[in-house]
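The values are calculated or read from the model by the stated rules, or taken from the named source; none is laboratory data. Quantities reported herein were computed from a predicted structural model and do not represent experimental measurements. Ideal geometry is used to build each Cβ from the backbone, glycine not excepted, and the neighbour counts take in all protein chains shown. Heavy atoms of the whole protein, side chains included, go into the accessibility calculation; ligands, DNA and RNA do not. Shrake-Rupley method; radii C 1.70, N 1.55, O 1.52, S 1.80 Å.
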Amino acid sequence: MISAYRTRRAARKANKTKKGSNLVDIDVEVTIPDHFRCPISLELMKDPVTLSTGITYDRDSVEKWIYEDGKHTCPVTGVNLTTLEPVPNHTIRKMIQNWCVENKSNGFDRIPTPRAPASSYQVSDILSKIIAMREKGNAEGVIELVVKIKELAKESERNKRCIVANGSARILSETFEMFSSYKNQVNASVLEEILSGLSLILPFDQDTKSCLGSNQCLCTIVWISKVGTLSGRRNAVLILKEILSSDQTKLHEFAEVEGSIEALVKLIKEPICPTTTNASLLAIYHLVTPSTSFTHKETIITTFVDMGLIDKLLEMLVDCSRGVCEKSLGVLEGLCGIDEGLEKAYSNALTVPVLVKKLLRVSDMATEFSVSILWMLSRYEKSKGVEESVAIEALQVGAFQKLLLLLQVGSSVKTKEKAGDLLKGMNVHRGRVDCIESMDFKNLKRPF
């Protein structure tokens with residue numbers, strides 16, 4: 001019985017070895033023909049296209065070369081391209097498909113025939129129908145056509161470029177403005193659908209920004225961000241961020257819209273998704289730290305402070321992603337630009353520990369914001385003539401050693417100056433307390 005078992009086991013091992021050797025032989029024998037490989041990725045082409053120089057590439061690779069890398073020459077020959085639009089090479093594609101079918105047993109699946117990309121005629125036809133539908137006030141018709149635009153945009157980057165090139169953003173924004181005249185539950189669906197379409201073709205040109213930045217559109221966007229669906233509120237704040245970040249003149253107009261500040265704070269306190277939170281923080285950042293003169297800045301900051309935004313930001317900073325951390329610290333620095341903001345941050349027990357924790361831990365930007373806020377709190381404390389509790393508390397959580405390291409690892413001149421001022425204030429109290437968290441320096445990379 002034992003002998004029979006050993007015989008069967010030996011046979012199974014021999015069979016496995018034979019199969020393995022066959023697989024090795026197959027891998028050696030089957031070679032992808034060179035003219036089926038993309039010269040850029042060296043992989044089997046799935047959607048072969050030919051440039052004006054006559055060289056064939058895979059569409060994804062060559063479009064990345066042209067549009068993302070910004071190179072307008074042929075990757076192989078280096079010759080300037082007479083046109084940036086590649087032409088589908090159907091002959092090579094069919095040859096590759098036939099070769100895949102022949103080698104299916106060797107693990108090569110037949111590549112699917114790619115869908116035809118959107119043409120300018122197709123996009124223009126849809127946009128013309130949208131104009132006709134909006135003139136009739138046909139909201140349902142507009143929704144159906146916007147859905148088609150969205151489907152095309154999601155298919156490929158090439159379709160998205162075609163949609164943008166045909167002025168879709170301008171037409172959609174004008175349609176949004178027209179339906180904004182009647183903010184009611186009937187038009188809410190079409191307004192949200194248009195915002196959804198617009199969010200797929202960011203960034204906007206100047207005409208689109210001007211249209212969406214009108215008082216009528218801003219009021220509607222704020223309205224949707226307050227009472228719309230979750231996706232509607234998300235798209236509303238994405239569009240709002242685009243308007244405020246690229247056009248400083250719209251800050252005052254937005255701030256004048258009733259409920260605009262409350263809508264942004266609500267999106268922070270009742271988060272929908274990380275994308276919405278990031279967009280909301282960016283919109284608030286542009287409001288509290290305008291790059292140009294803005295007379296209503298103090299009023300806006302006071303409103304944010306009164307609504308408890310500082311306390312909420314400090315809670316978020318305890319545990320958040322890098323992007324949210326940087327934006328939250330940027331907003332917090334802006335809110336500390338007035339005494340009311342400084343007083344609120346000064347009275348919160350989380351402020352100093354959280355700020356020191358972020359030093360040299362998240363990013364250079366987060367470190368600079370943290371140092372700036374600590375410096376402002378220190379100056380505020382001195383101006384009030386109270387005991388320097390900020391310096392003492394910062395020492396207790398290891399700020400002195402971090403700031404010393406900051407001077408050595410490199411930072412901006414302003415940040416170094418502020419760090420130096422903080423160190424001078426802390427040095428007086430060093431004999432009273434000295435504490436450090438070594439884990440904060442575990443992964444620190446120093447240039448010396």
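Numbers below:
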quantity: Overall form of region 210-310 per C-alpha gyration tensor (a/c, 1.5; a/b vs b/c); calculated: oblate
quantity: Average accessible surface area per residue within region 70-137, 1.4 Å rolling probe, Å²; calculated: 66
quantity: D_trans [Stokes-Einstein, Kirkwood Rh over alpha-carbon pairs] for region 311-422, 20 °C, 1.002 mPa s, µm² s⁻¹; calculated: 155
quantity: Whole-Å semi-axes of the ellipsoid equivalent to region 350-403 (Cα gyration tensor, √5λ, descending); calculated: 20, 12, 8
quantity: Cα lying deepest toward the dipole's positive end in the chain, options Gly213, Ile239, Pro88, charges on Cβ; calculated: Pro88
quantity: Where GluC sites (Glu not before Pro) fall in DSSP loop in region 180-244, at most 12 other Cβ within 10 Å; calculated: none
quantity: Sites matching trypsin sites (Lys or Arg not before Pro) across region 179-264 that sit in DSSP coil, with at most 16 neighbouring C-beta atoms within 10 Å; calculated: Lys183
quantity: Principal axes of the chain: Cα extent on each, largest first, Å; calculated: 85, 81, 58
quantity: Inter-label distance for Leu407 and Ser245, nm, one decimal - labels placed 7 Å from Cα along Cα-to-Cβ; calculated: 3.6
quantity: Sparse-neighbourhood loop sites, GluC sites (Glu not before Pro) in region 312-404 - DSSP loop, at most 16 other Cβ within 10 angstrom; calculated: Glu387, Glu388
quantity: Under 11 Å, Cβ to Cβ, from Arg37 - net charge with Lys/Arg +1 and Asp/Glu -1; calculated: -3
quantity: Calculated Rg and Dmax of region 84-216 using C-alpha coordinates, Å; calculated: 19.4, 64
quantity: Separation of the Glu388 and Asp339 label points, Cα + 7 Å toward Cβ, nm; calculated: 2.2
quantity: Cross-link table Lys94/Lys150; Lys269/Lys382; Lys226/Lys250; Lys241/Lys312, entries beyond 25 Å C-alpha to C-alpha; calculated: Lys94/Lys150; Lys269/Lys382
quantity: Distribution of pairwise C-alpha distances over region 224-269, 5 Å bins, in %; calculated: 5, 21, 30, 28, 13, 2
quantity: Cβ-placed point charges (K, R +1; D, E -1), dipole of the chain about Cα centre in debye, nearest 20; calculated: 2280
quantity: For the chain: relative contact order, % (alpha-carbon pairs under 8 angstrom, 6 or more apart); calculated: 7
quantity: Largest to smallest principal axis extent of the C-alpha atoms in region 152-252, angstrom; calculated: 35, 30, 22
